[in-house]
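Report on the following structure.
Values in this text are rule-based calculations from the coordinates and carry no lab data. Since this is a predicted model, take the numbers as computed values, not measurements. Backbone-built Cβ (ideal geometry, glycine too); neighbour counts: all protein chains shown.
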Amino acid sequence: MKIQMDSTMALKEIHKRYRGLSDPLTHHRNVRHDTQDIRDWLSSMKDEAVDHNRKYKAIPFYLEICSAPHGLLEGYSFAADLEFADGAILHPDKGIVKALYNHGLITDEMRSGELIFSLSPSVKAKFEAGRK
């Protein structure tokens, strides 16, 4: 998904807001990792738990950069591949995605050949309640 923001601006913004233990935006160093295949997102042997410091707090940032005016998604979804205006391609943190997915907090679907993650109805309701 094309994001109308430079990656340096995105990284700077997320570091101001996010106090988790790892970077919620990453470069995938494993060339065999297929970011468009949900099985690769879930393949790590490491068991990932959902903790509010690291994982849940990354969701608002993912939603923000993938929605207008930066991205093209509407609602409560974010993409597996984030192609920034400066050409950098970053991805949501694999551990965050795995934990959220395994705990039923996000779902996956292919849209126009791109893997998209969407919030489950219960998580979406929490975000909607928080915006009121």
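Below are the figures for this structure:
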item: Pairs of lysine residues in the chain - Cα separation under 22 Å, sequence separation of 8 or more or cross-chain; result: 25
item: Relative contact order %, segment 2-131, counting alpha carbon pairs below 8 Å whose residues are six or more apart; result: 32 percent
item: Residues residue 128 and residue 34, FRET efficiency given R0 of 30 Å [Cβ-Cβ distance, rounded to 0.05]; result: 0.35
item: Exposure proxy order (Cβ contacts within 10 Å, fewest to most) of 98, 124; result: 124, 98
item: Alpha-carbon gyration tensor eigenvalues x 5, square-rooted, for the chain, Å; result: 19, 19, 16
item: Gap separating the Cα centres of segment 94-132 and segment 1-20, nearest whole Å; result: 19 Å
